[in-house]
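Written below as structure tokens is the structure these notes are about.
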Amino acid sequence: MTEATRHEPGTPCWVSLMVRRLDATQEFYGELFDWQFEPGPQQLGPYVRGLLDGREVAGIGQLPADRDLPTAWTTYLATDDADETAEAIRCSGGTVAVGPLTAVGAGRLAICSDPTGAVFGAWQATGHPGTAVVGAPGTPAWNELLTQETESVSKFYKTVFGYELDPVVSADLDLVMLKVGERPVASLHGVGASLPRDRGAHWMTWFEVADTDASARRVTELGGQVLQAPRDAPAGRLATVADPEGAVFTIVRSAGR
């Protein structure tokens, strides 16, 4: 387990989930990842933070009863100025749906979407820098945008966040690594017709686990679903799963662990 340091602009720094049944969702992720929970900022309604050994890992909030929205994990990208980033998003063909607004004592945020409709957040930290620990089971391991093709949307993310783009050279793989300095921090993955029609372009959160196969079985036992069975990949052994409300995420035992 490694404590996270300050998140440079453009680095994925937090993930959060909005759900209909907050108590049941806490039970699911508490059992799956051994998270404990504490209250977080309540500006947008009931909200808790998942903890590992007292360190903040992710957030879960409750959707208003009158909002019929799909449940999905949201990736937040760090910024030094949420207002400036929101304006850059608008000027680059994206949309700002919420904010920028202040979470008292924590930071300033905006909920946005890129030109393909993929939702993400921008987070300007004050008291809450974001995910406080990495590398251990139950922590976010990677964030990847799944989209039809990467060429057009990569220009958006480069313009807004200043990433260096590092395409993977392959005849049968459309993959671009997003780098802050020399460090890969996230990826864009063009999947063509394989993009789920019911979801469209979306950011996918990967969570580290100690045993991918055992964790996939546990997802099912807890009322979730395994959407793609455990399989080996260059990044490690991974599976795509959904929680009981349908929020999709990837579990991975990273290569080298």
Subject >> Length-normalised contact order of region 63-203 in % [C-alpha pairs under 8 Å, at least 6 apart] >> reply: 22 percent
Subject >> Bins of 5 Å, starting at 0 and running to the largest distance - Cα pair percent for region 117-257 >> reply: 2, 9, 16, 21, 21, 18, 10, 4, 0, 0
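Compute the orientation-averaged projected area for the chain from the convex hull of its Cα atoms and round it to one decimal in nm².
Numbers: hull surface 51.3 nm².
Convex hull of Cα atoms, orientation-averaged projection: 12.8 nm².
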Subject >> Rounded to whole Å, sorted largest first: equivalent-ellipsoid semi-axes of region 56-190, Cα gyration tensor >> reply: 24, 18, 16
Original post:
Can you give me the relative contact order of the chain as a percent, contacts being Cα pairs under 8 Å and 6 or more apart?
Top reply: 18 percent
Subject >> Fraction of antiparallel bridges per DSSP, region 117-257 only, in percent to nearest 5 >> reply: 80 percent
Original post:
Ordered by packing density, taken as the mean number of other Cβ atoms within 10 Å over each peptide's residues, highest first, how do 169-178, 187-196 rank?
Top reply: 187-196, 169-178
Subject >> Over region 153-257, relative contact order from alpha-carbon pairs under 8 Å, at least 6 apart, % >> reply: 18 percent
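Normalised radius of gyration for region 133-216, please: alpha carbon Rg relative to 2.2 N^0.38 Å, two decimal places.
For region 133-216, the normalised Cα radius of gyration is 1.19.
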Original post:
HN-Hα J couplings of region 186-193 from phi, Karplus 6.51/-1.76/1.60, θ = phi - 60°, integer Hz, Gly and Pro as x?
Top reply: 6, 9, 10, 10, x, 10, x, 5
Original post:
What does the accessible area per residue of the chain come to in Å², with a 1.4 Å probe and no ligands, DNA or RNA counted?
Top reply: 47 Å²
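The values are calculated or read from the model by the stated rules, or taken from the named source; none is laboratory data. Keep in mind that what you see is a predicted model, and the values were worked out from it rather than measured. Cβ sites come from the backbone with ideal geometry, for glycine too, and all protein chains shown count toward neighbours. For accessibility, only protein heavy atoms count, side chains too; no ligands or nucleic acids. Shrake-Rupley method; radii C 1.70, N 1.55, O 1.52, S 1.80 Å.
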